[in-house]
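A.B. asks: Here's a structure for you.
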């Protein structure tokens, strides 16, 4: 038996040295191609996709419901919900009247552009509509996956601590807009909105930071306005 | 653990480049400090993904590609190795990334002739 590779041949006619093959391929290429297809398709329809990222329980679904309430008189909203399991969030969103599709990722901690393409196939995509995507609750992994969005919103709630942007800089670095949620709870928690805003803007200097509460409506108009601005830009 | 999903992509691409009659022994991945990759997590993800693709004997080699950064305060140019790097000269943060940082690419694969060919 060949002592190098255990191949059972004795003539050693095959080489044992490894050979290097250049590949030079972007690892996320596959996702980027799907994202680019989505972006083109949405662009042709003059529609936009907004990708909403944040930790589990930071209030993404309530924020979405509040945004839909404000936006759907001007733009038709359709929603894609990403969760590891259950369609609870889709059920909550369906109460707003917006068409919604739940993606259950099983074990995957993020949505991919391919997931979104697939879900959109089940939704009534129209001209000049708004696709709102609530990503899987996670502040790390979803930030690496382009979903063909025109705008990426990263959320954190006042209960999560002022220094979250320092602990999880990648998500904030890739955000087009940062949203602080649950501002109605500020009197009950030790959260410094000014310091948090400075930390977010240290990670990404130009990013707008909006303080919101889905319960009181604070900041919802401002955030809706910045989303609707996508259609006039 | 998005690294597992990324490792699956790496394995799929690598496997497509293995010539007939060869087996994959290593993949070389280059990553930037802003790629969001933790090499230890990628290594763990790769061990799972490689099993899934029948590439059990393959090893992952992750090489950091530093980014070109500049301090907006004192103008110092330096090579950024982690996303938390402050200016090495005056300690200011955040610094400005001039070029690179987000790379995540499968640079090359190493193959050997298959034992059973």
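A.B. asks: Check A:86, A:96 and return the single one that is modelled with pLDDT of 95 or more, assigned to a loop (DSSP other than H, G, I, E, B) and away from every other protein chain (no Cβ under 14 Å). Steps first, please.
C.D. replies: Numbers: A:86 fails: modelled with pLDDT of 95 or more.
So the residue among A:86, A:96 that is modelled with pLDDT of 95 or more, assigned to a loop (DSSP other than H, G, I, E, B) and away from every other protein chain (no Cβ under 14 Å) is A:96.
A.B. asks: What is the number of the single condition among (1) more than 14 Å from every other protein chain (Cβ to nearest Cβ); (2) farther than 26 Å from residue A:183 by Cβ that residue A:33 does not meet?
C.D. replies: Result: residue A:33 passes all but (1).
A.B. asks: Also: Collect the residues in the range B:17-31 that are surrounded by fewer than 22 Cβ atoms within 10 Å (Cβ to Cβ) and either under 13 Å from the mean Cα position of the chain (by Cα) or at the interface with another protein chain (Cβ under 9 Å from one of its Cβ atoms) (or both), keeping them in residue-number order.
C.D. replies: B:17, B:18, B:19, B:21, B:22, B:25, B:26, B:28, B:30
A.B. asks: Taking the range A:165-174 on its own, how many of its residues are in a loop (DSSP other than H, G, I, E, B) and over 12 Å from residue A:140 (Cα atoms)?
C.D. replies: 0
A.B. asks: Right, next: Using the structure shown, decide if residue B:113 is within 12 Å of another protein chain (Cβ to nearest Cβ), over 26 Å from residue B:3 (Cα atoms), surrounded by 15 or more Cβ atoms within 10 Å (Cβ to Cβ) and touching a residue at least 40 places away in the same chain (Cβ under 8 Å).
C.D. replies: Working: within 12 Å of another protein chain (Cβ to nearest Cβ): yes; over 26 Å from residue B:3 (Cα atoms): yes; surrounded by 15 or more Cβ atoms within 10 Å (Cβ to Cβ): yes; touching a residue at least 40 places away in the same chain (Cβ under 8 Å): yes.
Yes.
A.B. asks: Can you confirm whether residue B:63 is out of contact with any helix residue (DSSP H, G or I) (no Cβ under 8 Å at 6 or more places or on another chain), within 14 Å of residue B:31 (Cα to Cα) and not in a loop (DSSP other than H, G, I, E, B)?
C.D. replies: yes
A.B. asks: Counting only residues that are in a helix (DSSP H, G or I) and under 19 Å from the mean Cα position of the chain (by Cα), which one in the range A:180-228 is nearest to residue B:93 (Cα to Cα)? So that I can check it myself, show each step before the final result.
C.D. replies: Of the range A:180-228, the ones in a helix (DSSP H, G or I) are A:183-188, A:193-203, A:220-228.
With the extra rule that they be under 19 Å from the mean Cα position of the chain (by Cα), the set shrinks to A:200, A:203, A:220, A:223-224, A:226-228.
Working: A:200: 13, A:203: 9, A:220: 32, A:223: 29, A:224: 32, A:226: 29, A:227: 30, A:228: 34 Å.
Taking the candidates together, the pick is A:203.
A.B. asks: If a residue must be closer than 22 Å to residue B:101 by Cα, surrounded by fewer than 22 Cβ atoms within 10 Å (Cβ to Cβ) and modelled with pLDDT of 95 or more, how many such residues does the range A:150-176 contain?
C.D. replies: 2
A.B. asks: I would also like to ask the following. Would it be correct to say that residue A:51 is surrounded by fewer than 16 Cβ atoms within 10 Å (Cβ to Cβ), more than 8 Å from chain B (Cβ to nearest Cβ) and touching a helix residue (DSSP H, G or I) at 6+ places or on another chain (Cβ under 8 Å)?
C.D. replies: no
A.B. asks: Here's something else I'd like to know. Among (1) assigned to a loop (DSSP other than H, G, I, E, B); (2) within 12 Å of another protein chain (Cβ to nearest Cβ); (3) closer than 23 Å to residue A:18 by Cβ, which single condition is residue B:54 missing?
C.D. replies: Residue B:54 satisfies all of (1) assigned to a loop (DSSP other than H, G, I, E, B); (2) within 12 Å of another protein chain (Cβ to nearest Cβ); (3) closer than 23 Å to residue A:18 by Cβ except (2).
A.B. asks: I'd like the residue in the range A:106-121 that is modelled with pLDDT of 90 or more and over 15 Å from residue A:36 (Cβ atoms) and, out of all such residues, is surrounded by the fewest Cβ atoms within 10 Å (Cβ to Cβ).
C.D. replies: A:121
The values are calculated or read from the model by the stated rules, or taken from the named source; none is laboratory data. Nothing here was measured: the structure is a model prediction, and the numbers come from that model. Glycine also receives a Cβ, built like all others from the backbone with ideal geometry; neighbour counts cover every protein chain displayed.
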